[in-house]
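The values are calculated or read from the model by the stated rules, or taken from the named source; none is laboratory data. Owing to the predicted nature of the structure, the values given are computational and were not obtained by experimental measurement. Here Cβ is always computed from backbone atoms with ideal geometry, including for glycine, and neighbour counts include all displayed protein chains.
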Amino acid sequence: MASPVYNVKAIPVDKIRANSYNPNSVAPVEMELLETSIWEDGYTMPVVCYYIPAEDIYEIVDGYHRYTTLKTSKRIFEREQGLLPVVVIDKDESNRMASTIRHNRARGS
């Protein structure tokens, strides 16, 4: 199986939703830094999602704060034309939760 990063898709942000189980939080100053980073460098990491065909929606596994930045920063939303770079994984919910925790721990918070 090839890594998901070889298949990045540009998905309209209104077809993406947060999951209900991510315990990670970011302080306001770090969110400002993230917004600046995305503005200056663009999106350099895709958001990891699971696709739910019955709802035609992508649910976030990792990348909630990058998603939030697109939704809350008018300048980034306009530049990106409301599209978010996404990679899709196909795992059941318990394995998606484990993936979320692994991604969070890999960043150290």
| query | Pick from V88, V48: which is closer than 12 Å to R17 by Cα and β-branched (V, I, T)? | reply | V48
| query | So which helices (runs of 4 or more DSSP H) stay within the chain end to end and still have 2 or more residues that are crowded, with 16+ Cβ neighbours inside 10 Å and at pLDDT 90 or above? | reply | 28-41, 64-72, 74-80
